[in-house]
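What follows is calculated from the coordinates using simple rules that are stated; it is not laboratory data. If you're wondering where the values come from, they're calculated on a predicted model, not measured in any experiment. In this analysis, Cβ positions are derived from the backbone assuming ideal geometry, glycine residues included, and neighbour counts consider all displayed protein chains.
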Amino acid sequence: MKVEKTPLKDCYLIKPTIFEDQRGIFLETYHRKRLAETTGIDNEFVQDNQSISRYGVLRGLHYQTGDFAQTKIVRVIYGKVVDVVVDLRRDSPTFKKTYSAILDDQNLYQLFVPKGFAHGFLTLSEKSVFAYKCDHYYQPGSEAGIIFNDPDLNIDWNFPEAEMIISEKDRKQPTLKEVFG
């Protein structure tokens, strides 16, 4: 596995080593020790989640607050998404900065999203199966979000906003200014 730094502090793009032969492919999707040696970050993941979305579905931008803030490793099992993260850590040199990557079932890339980041994705294929590991359990009272189309973030979702399928909850998220001033 190759772990690459992104422009955001503590956020990494993970490119797996893929073994292919006449039977198909094999890859290692997670190796705690190797990831810790490469990044200096060692997490114990306690919850795996999966969502299935159709073309145009946008989920995000979500995060957990306080003691339930989550580090995640996200990946696409099937399909293609644009995956977006926002650094919300006030003490970070990349505070309020964004990063996006295409994750799909061809490149099999994963994104290491540290706690203190908002995360979202938009399905660019007919269907996507999206999986993520979390180092803390989901806690409804700690759930928070930022509006997906915040003008201060200027995120390029690679998709027309009028065609996005977005939950009512995600349409009502606050702006970055409303949360952080």
## Note on the structure
Using alpha carbon centers only, segment 40-119 is separated from segment 125-181 by a whole-angstrom value of 11
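Among 119, 31, rank each residue by its count of other Cβ atoms within 10 Å, from fewest to most, as a rough exposure measure.
31, 119
Mind sorting 125, 53 by how few other Cβ atoms lie within 10 Å of their own Cβ, fewest first?
With the sparsest Cβ surroundings first, the list reads 125, 53.
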### Cα-projected label distance for residue 162 with residue 126, points at 7 Å along beta-carbon direction, nm
2.6
### Read-out log10 I(q)/I(0) by the Debye sum over Cα atoms at q = 0.08, 0.17, 0.18 Å⁻¹, derived from the coordinates shown; its label in [x] -0.21, -1.01, -1.15; [y] -0.30, -1.05, -1.11; [z] -0.24, -1.13, -1.27
[z]
### Message
With both bridge residues required to lie in the chain, what share of the DSSP beta bridges run antiparallel, to the nearest 5%?
### Response
95
### Message
Need one number: convex hull volume per residue for segment 1-82, Cα atoms only, in Å³.
### Response
147
### Query
Which of 25, 52 comes first, and how do the rest follow, when ranked by fewest Cβ neighbours within 10 Å?
25, 52
### Query
Taking only DSSP H segments of four or more residues, each worth -39500 (n - 2.57), what value at 222 nm results for the chain once the sum is divided by all its residues, to the nearest 500 deg cm²/dmol?
-2000 deg cm²/dmol
